[in-house]
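Undergrad: After the structure tokens below, expect a handful of questions from me.
The values are calculated or read from the model by the stated rules, or taken from the named source; none is laboratory data. No experiment lies behind these values; they were computed from the predicted model shown. Don't worry about glycine lacking a Cβ; one is built from the backbone with ideal geometry, like all the others, and counts go over all protein chains shown.
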Amino acid sequence: MPFLYHGEMKYFTFNFLNKFSISHGVFCRKGGVSPKPWESLNLGGTNGDVRDNVIENRKRIFSVFQLEVNTIFDTWQVHGTNIICADRPRRLDETHPKADGILTNSSDITLFMRFADCVPLLFYDPVKGVIGIGHAGWMGTKDQIARKIVEVMVKNYHCRLSDIAVGIGPSIGPDHYEVGVDVFRQYEQVFRSEADEYFRYTNGKIYLDLWKANEIILRLAGIINIETCKICTGCNVEDWYSHRVENGRTGRFGVLLSLSRRENLGRIGSEDPKQYSASSRQY
């Protein structure tokens, strides 16, 4: 699916969600009000940007889908595996719960998370009407948050594995994500001999492939419907925030997912995600 545009804002959508006209978007960094180094659609509230900028940026994203901001359910992401099943929005004056997975079956709730290299995981079961977002960095991937979200969908919402589809969104690619031996050893403790499949080795350096790791984890959990966009945030900082490439002085891009239906998705752009390179800063 090409990128979509709403004014200056640009966002990626998944084919499997577009089939159902589910309101969703993985938003690039363009079209907001934040100054450098957060330029410009920053949704991170703890990285030095002014709070009013973040609030305005959030409003702009919600306006794309004609959604009210007070329908939001978002969390304080802590690289863990806590998963919340939301049955009401989070009040805007309410403390963010600590969690890296959120699920709901309510069309009155808009799920929202923030990213800057970690993997956005979007879940949908069209039969049971359940959606979810997961946040998987190297720790969350190691602790298999993708599998745990699937298990909660099955247990709490009675979803069938064959009905669940998952999208793996823009994140740092294996060409940029160099890690130390300590990370490899931790993966080895969890995944044993299979751990080697999650890494690439170049010139004596170790690179973690978060896309492949999450794909394998999901398939081992019984998920067959997986769509991976393979867009590297580190390769494409013109469009995405990258904590690693920008040395921590950057923002967070927003991911929105709602069961509310929307027919007019926005202006279709000419860029195809397949044109993104995982080994180059160019399209």
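Undergrad: Among the numbered conditions (1) surrounded by 19 or more Cβ atoms within 10 Å (Cβ to Cβ); (2) within 16 Å of GLY254 (Cα to Cα); (3) not aromatic (Phe, Trp, Tyr), tell me where SER63 comes up short.
TA: Evaluating SER63 over (1) surrounded by 19 or more Cβ atoms within 10 Å (Cβ to Cβ); (2) within 16 Å of GLY254 (Cα to Cα); (3) not aromatic (Phe, Trp, Tyr) leaves (1) as the failure.
Undergrad: Having 2 or more residues that are in contact (Cβ under 8 Å) with a residue 24 or more places away in the chain and over 17 Å from the mean Cα position of the chain (by Cα) is the bar; report the strands (runs of 3 or more DSSP E) wholly within the stretch 1-64 that clear it.
TA: Numbers: elements: 4-6, 9-12, 22-27.
Counting at least 2 such residues, we get 4-6.
Undergrad: When both residues are 6+ apart or on different chains and their Cβ atoms are under 7 Å apart, which pairs have a first residue that lies in the stretch 210-231 and is on the phi < 0 side of the Ramachandran plot and among the acidic types (Asp, Glu), and a second that is part of a loop (DSSP other than H, G, I, E, B) and at pLDDT 95 or above?
TA: Between residues of the stretch 210-231 that are on the phi < 0 side of the Ramachandran plot and among the acidic types (Asp, Glu) and residues that are part of a loop (DSSP other than H, G, I, E, B) and at pLDDT 95 or above, the close pairs are GLU227/PHE14.
Undergrad: Okay, next question. For the subset of the stretch 142-158 comprising residues that are surrounded by 23 or more Cβ atoms within 10 Å (Cβ to Cβ) and in contact with a strand residue (DSSP E or B) (Cβ under 7 Å, 6 or more places away or on another chain), which member is farthest from ASN214 (Cα to Cα)? Quick ask: steps written out before the conclusion?
TA: Initial filter on the stretch 142-158 (surrounded by 23 or more Cβ atoms within 10 Å (Cβ to Cβ)): 145-146, 149-150, 153.
From what is left, the residues that are in contact with a strand residue (DSSP E or B) (Cβ under 7 Å, 6 or more places away or on another chain) are 145-146, 149, 153.
Numbers: ILE145: 9, ALA146: 7, ILE149: 12, MET153: 17 Å.
The residue in question is MET153.
Undergrad: Suppose we filter ILE216, ILE206 for residues that are in contact with a helix residue (DSSP H, G or I) (Cβ under 9 Å, 6 or more places away or on another chain), part of a strand (DSSP E or B) and not acidic (Asp, Glu); which single one remains? First the steps, then the outcome.
TA: On the way: ILE216 fails: part of a strand (DSSP E or B).
Going through ILE216, ILE206 in turn, the sole match is ILE206.
Undergrad: Could you check the stretch 101-149 for strands (runs of 3 or more DSSP E) lying wholly inside it with 1 or more residues that are in contact with a Cys (Cβ under 7 Å, 6 or more places away or on another chain)?
TA: On the way: elements: 101-104, 110-115, 119-125, 130-136.
Result: 101-104, 119-125, 130-136.
Undergrad: How about the stretch 76-94: which of its residues are of a type in the set (S, T, N, Q) and touching a residue at least 60 places away in the same chain (Cβ under 8 Å)? Before the answer, list the steps.
TA: First pass over the stretch 76-94, keeping only residues of a type in the set (S, T, N, Q): 77, 81-82.
Correct list: THR81 only.
Quick grid of which residues meet (1) under 25 Å from GLY180 (Cβ atoms); (2) among the aromatic types (Phe, Trp, Tyr); (3) crowded, with 23+ Cβ neighbours inside 10 Å:
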{"position": "GLU215", "(1), (2), (3)": "yes, no, no"}
{"position": "LEU218", "(1), (2), (3)": "no, no, yes"}
{"position": "GLY222", "(1), (2), (3)": "no, no, no"}
{"position": "ASP239", "(1), (2), (3)": "no, no, no"}
{"position": "THR250", "(1), (2), (3)": "yes, no, yes"}
{"position": "LEU257", "(1), (2), (3)": "no, no, yes"}
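Undergrad: Considering only residues that are touching a helix residue (DSSP H, G or I) at 6+ places or on another chain (Cβ under 9 Å) and assigned to a helix (DSSP H, G or I), look in the stretch 161-184 and name the one that is farthest from CYS118 (Cα to Cα).
TA: Looking only at the stretch 161-184, we keep the residues that are touching a helix residue (DSSP H, G or I) at 6+ places or on another chain (Cβ under 9 Å), and these are 161, 164-168, 170-174, 177, 179, 183-184.
When the remaining residues are screened for being assigned to a helix (DSSP H, G or I), the result is 161, 183-184.
Details: LEU161: 25, VAL183: 15, PHE184: 17 Å.
Residue satisfying both the conditions and the ranking: LEU161.
Undergrad: For PHE115, state whether it is buried (at least 18 other Cβ atoms within 10 Å of the Cβ), under 30 Å from PRO37 (Cα atoms) and either touching a helix residue (DSSP H, G or I) at 6+ places or on another chain (Cβ under 9 Å) or modelled with pLDDT of 95 or more (or both).
TA: Details: buried (at least 18 other Cβ atoms within 10 Å of the Cβ): yes; under 30 Å from PRO37 (Cα atoms): yes; either touching a helix residue (DSSP H, G or I) at 6+ places or on another chain (Cβ under 9 Å) or modelled with pLDDT of 95 or more (or both): yes.
Yes: the conditions hold for PHE115.
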